[in-house]
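K.L.:
Structure below; questions to follow.
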Amino acid sequence: SQQGEEDPQALSIQEGENATMNCSYKTSINNLQWYRQNSGRGLVHLILIRSNEREKHSGRLRVTLDTSKKSSSLLITASRAADTASYFCANRGASGGSYIPTFGRGTSLIVHP
Amino acid sequence: KAGVTQTPRYLIKTRGQQVTLSCSPISGHRSVSWYQQTPGQGLQFLFEYFSETQRNKGNFPGRFSGRQFSNSRSEMNVSTLELGDSALYLCASSPGTSGRAYNEQFFGPGTRLTVL
């Protein structure tokens, strides 16, 4: 089973509103990353937060990490129609001695103009 | 720098055939990973190569195999195709891999495989 799970599965908002999506994971991590995927395309790396960090900003993005709850959140402020995409969290978990990169199922964000 | 390139972009095969997909990483990147993405299972890790050696492998049958060449280019092969192999296959490169550290990955546009 995948280690990361995003919540909600789908989010529909109006342009200018903020969008918040959450991610939970199961094992200890070195870092956690967020990616964006436009429909049927490759993933684009958005931001990486290390396990010793609690919050990180990049432009309109704000990521928080709570290692005690094994959860992270991605906030997109002042959303734009171009932010419409699926958002995934990812980390590397251990499986049978090897370290498997695992992605959640993603949050599908639709921003209406 | 040029991004990760994958060829072909689209492919249609029939059950029982085999297929080879190609990935050229970003210049200087030595790690290449492959993923399968389907609506039902999401994004699943296939394998990771670093300096021509397979470093990690996901939970896929032996019909799925891969290799990496000395120039870091990578290929993956799927033999005896099944309908369920229809998916978007994504390749990602990163500068390197080190134990549990998970480096930022740069993804290619993917190869859309349809098995009829």
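K.L.:
Please report Rg over Rh for chain A, where both radii come from the alpha carbon positions and Rh follows the Kirkwood definition. Spell out each step's value before the answer.
P.N.:
On the way: Rg = 13.7 Å, Rh = 14.1 Å.
Checking Rg against Rh, the ratio lands at 0.97.
K.L.:
Now for a separate question. Taking the Cα centre of chain A as origin, work out the dipole magnitude from +1 charges on Lys and Arg Cβ and -1 charges on Asp and Glu Cβ, in debye rounded to 20.
P.N.:
Working: 13 positive and 9 negative charges, 64 e Å.
The calculated dipole for chain A is roughly 300 debye.
K.L.:
Okay, next question. Near B:Q18, within a Cβ-to-Cβ distance under 15 Å, what is the net charge of the other residues, with Lys and Arg +1 and Asp and Glu -1?
P.N.:
+1
K.L.:
Once the other residues with Cβ under 14 Å from the Cβ of A:P113 are scored (Lys, Arg +1; Asp, Glu -1), what is the net sum?
P.N.:
Values: positive: A:R80; negative: A:E15, A:E17, A:D83.
Result for the neighbourhood of A:P113: -2.
K.L.:
Here is a follow-up. Enter the mean number of other protein chain beta carbons within 10 Å of the beta carbon of each residue in B:106-113, as an integer. Don't jump to the answer; show the numbers that get you there.
P.N.:
On the way: counts 4, 7, 3, 3, 5, 0, 1, 0.
Across B:106-113, the average partner-chain Cβ count within 10 Å equals 3.
K.L.:
Moving on. In debye, nearest 20, what is the charge dipole magnitude of the protein assembly as shown about its Cα centre with +1 on Lys and Arg Cβ and -1 on Asp and Glu Cβ, if you could check? Kindly include the intermediate steps, with their values, before the conclusion.
P.N.:
Numbers: 25 positive and 15 negative charges, 88 e Å.
Dipole size: approximately 420 debye.
K.L.:
Mean separation of Cα pairs under 8 Å and 6+ residues apart, divided by the residue count of region B:20-115: what relative contact order is that in percent? Walk me through the numbers before you get to the answer.
P.N.:
Numbers: 207 pairs, mean separation 30.1, N = 96.
Relative contact order of region B:20-115: 31 percent.
K.L.:
For chain A, what does the relative contact order come out to in percent, with C-alpha contacts under 8 Å and a separation of six or more? Write out the running numbers ahead of the final one.
P.N.:
On the way: 284 pairs, mean separation 42.6, N = 113.
This gives 38 percent for chain A.
K.L.:
Let me ask something additional. Whole number in Å², please: accessible area per residue of chain B, 1.4 Å probe, ligands, DNA and RNA not counted. All intermediate terms of the calculation are to be shown ahead of the outcome.
P.N.:
Values: 5260 Å² over 116 residues.
Computed with neighbouring chains in place, this is 45 Å² per residue.
K.L.:
Need the per-residue list for region B:14-47: every residue with at least 40 Å² less accessible surface in the complex of protein chains than in the chain by itself, probe 1.4 Å, sorted by number.
P.N.:
The answer is B:Q37, B:L43, B:F45 - residues whose exposure falls by at least 40 Å² when every protein chain is included.
K.L.:
Right, something else. Leaving out ligands, DNA and RNA, calculate the buried accessible area for the pair B and A with a 1.4 Å probe, summed over both sides, in Å² to the nearest 100.
P.N.:
Working: alone 6270 and 6330 Å², together 10550 Å².
Chain pair B/A: roughly 2100 Å² of buried accessible area.
K.L.:
Which residues, if any, in region B:53-98 lose at least 30 square angstrom of accessible heavy-atom surface (probe 1.4 Å) when the other protein chains sit next to their chain rather than the chain being alone?
P.N.:
B:N56
K.L.:
Determine the shielding of peptide A:32-41 by partner chains: average, over its residues, the number of Cβ atoms on other chains within 10 angstrom of each Cβ. Don't skip to the answer; put the middle values down first.
P.N.:
Details: counts 1, 4, 0, 5, 0, 6, 0, 0, 5, 6.
Mean partner shielding for this stretch: 3.
K.L.:
Stretch A:N52-A:T27 to full length: gain in nm at 0.36 nm per residue minus the Cα-Cα span? Intermediate results must be reported in sequence, preceding the final value.
P.N.:
On the way: separation 25, 0.36 × 25 = 9.00 nm, distance 1.51 nm.
Result for the pair: 7.5 nm of gain on full extension.
K.L.:
Here's another thing I want to ask about it. Take the cross-link list A:K70/B:K13; A:K26/B:K57; A:K70/B:K57; A:K26/B:K13 and give me the ones stretching past 31 Å between alpha-carbons.
P.N.:
Working: A:K70/B:K13 42 Å; A:K26/B:K57 20 Å; A:K70/B:K57 25 Å; A:K26/B:K13 37 Å.
Checking Cα-Cα distances, A:K70/B:K13; A:K26/B:K13 exceed 31 Å.
K.L.:
Could you tell me the relative contact order of region B:1-56? Use alpha-carbon pairs under 8 Å, at least six residues apart, and round to a whole percent. Intermediate values should be presented prior to the final figure.
P.N.:
Details: 62 pairs, mean separation 14.2, N = 56.
Relative contact order, region B:1-56: 25 percent.
K.L.:
Along region A:24-29, what does the Karplus equation 6.51 cos²θ - 1.76 cosθ + 1.60 (θ = phi - 60°) give for ³J(HN,Hα), rounded to whole Hz, x for Gly and Pro?
P.N.:
10, 9, 10, 10, 5, 10
K.L.:
Right, next: What list of ³J(HN,Hα) values in whole Hz, one per residue of region B:17-28 in order, does the Karplus curve 6.51 cos²θ - 1.76 cosθ + 1.60 (θ = phi - 60°) give from phi, with Gly and Pro shown as x?
P.N.:
Result, ordered by residue: 6, 10, 9, 10, 10, 10, 9, 10, x, 5, 3, x Hz.
K.L.:
Sticking with this structure for a sec: Packing-wise, with mean Cβ within 10 Å as the measure, how do A:16-29, B:103-116 rank, highest first? Can you show the working numbers first?
P.N.:
Values: A:16-29: 17.1, B:103-116: 18.9.
By packing density, highest mean first, the sequence is B:103-116, A:16-29.
K.L.:
Enter the Cα centre distance for the pair region B:1-31 and region A:25-67, rounded to the nearest angstrom.
P.N.:
The distance from the Cα centre of region B:1-31 to that of region A:25-67 comes to 26 Å.
The values are calculated or read from the model by the stated rules, or taken from the named source; none is laboratory data. Computed from a predicted structure; not experimentally measured. Positions of Cβ are generated from backbone atoms using ideal geometry, with glycine treated the same way; all protein chains shown enter the neighbour counts. Keep in mind that these areas ignore ligands, DNA and RNA; they rest on the heavy atoms of the full protein, side chains included. Shrake-Rupley method; radii C 1.70, N 1.55, O 1.52, S 1.80 Å.
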